[in-house]
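Okay, here's the structure, questions in a sec.
The values are calculated or read from the model by the stated rules, or taken from the named source; none is laboratory data. Just so you know, these numbers come straight off a predicted model, no measurement behind them. Cβ sites come from the backbone with ideal geometry, for glycine too, and all protein chains shown count toward neighbours. Just so you know, the surface numbers come from the protein's heavy atoms only, side chains and all, with ligands and any DNA or RNA stripped out. Shrake-Rupley method; radii C 1.70, N 1.55, O 1.52, S 1.80 Å.
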Amino acid sequence: PKAVRLRAAAAELLASSVVLRRADRGRIGKAEAILAEIRGGHGTPPELARARAWIALGKGNVKEASRLAIETSDDPRTALLLGWTQIADGKASAAVKTFEDAVSRAPDRIALRYGMARAQEEAGLTAAVATYQPLVSQRK
């Protein structure tokens with residue numbers, strides 16, 4: 001149902017902001033509270049699975065976040081989650097590949113480009129500078 005997907009998407013945004021923007025960790029609790037309001041029997045929409053994975057990653061549970069990310073759908077939002085999970089797990093080279101694939105499918109997604117630059121940086125690749133440059137220019 002639409003209401004479940006909207007609530008799950010809200011939880012996903014809150015939890016992902018802790019990882020991506022280093023936002024207040026209290027947002028994890030808010031995301032968990034939103035998910036607690038969702039009753040069972042709705043199946044598992046991708047937003048719900050991604051929200052659970054972002055919450056796990058925000059809490060530092062990389063193994064659980066990885067498991068959940070792999071089980072979700074194959075779309076740019078899931079690639080974003082999987083790439084950040086790979087970075088957190090010390091697999092920056094794998095994250096670079098994940099983000100490169102996702103950017104090739106959704107080149108307009110700034111969050112994917114930022115993730116790719118961060119993965120490149122973590123992997124020690126000089127390409128990170130070239131990837132970051134257009135992102136910095138857009139913020140001016």
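For segment 26-43, does any single residue satisfy the condition of being open to solvent by 10 Å² or more (accessible area, probe 1.4 Å) and under 20 Å from Gln138 (Cβ atoms)?
no
Right, something else. Tally up the residues in segment 125-137 that are more than 21 Å from the chain's Cα centre (by Cα) and touching a residue at least 24 places away in the same chain (Cβ under 8 Å), please.
Going through segment 125-137 one residue at a time, the tally reaches 1.
Cβ-Cβ under 6 Å, sequence separation 6+ or interchain: first residue in segment 100-117 and open to solvent by less than 70 Å² (accessible area, probe 1.4 Å), partner polar (S, T, N, Q) and at pLDDT below 95. Which pairs?
Final answer for the pair search is Met116/Thr131; Ala117/Thr131.
Related question: Can you find even one residue in segment 72-93 that is of a type in the set (A, V, I, L, M), more than 30 Å from Glu37 (Cβ to Cβ) and part of a helix (DSSP H, G or I)?
Yes: one or more hits.
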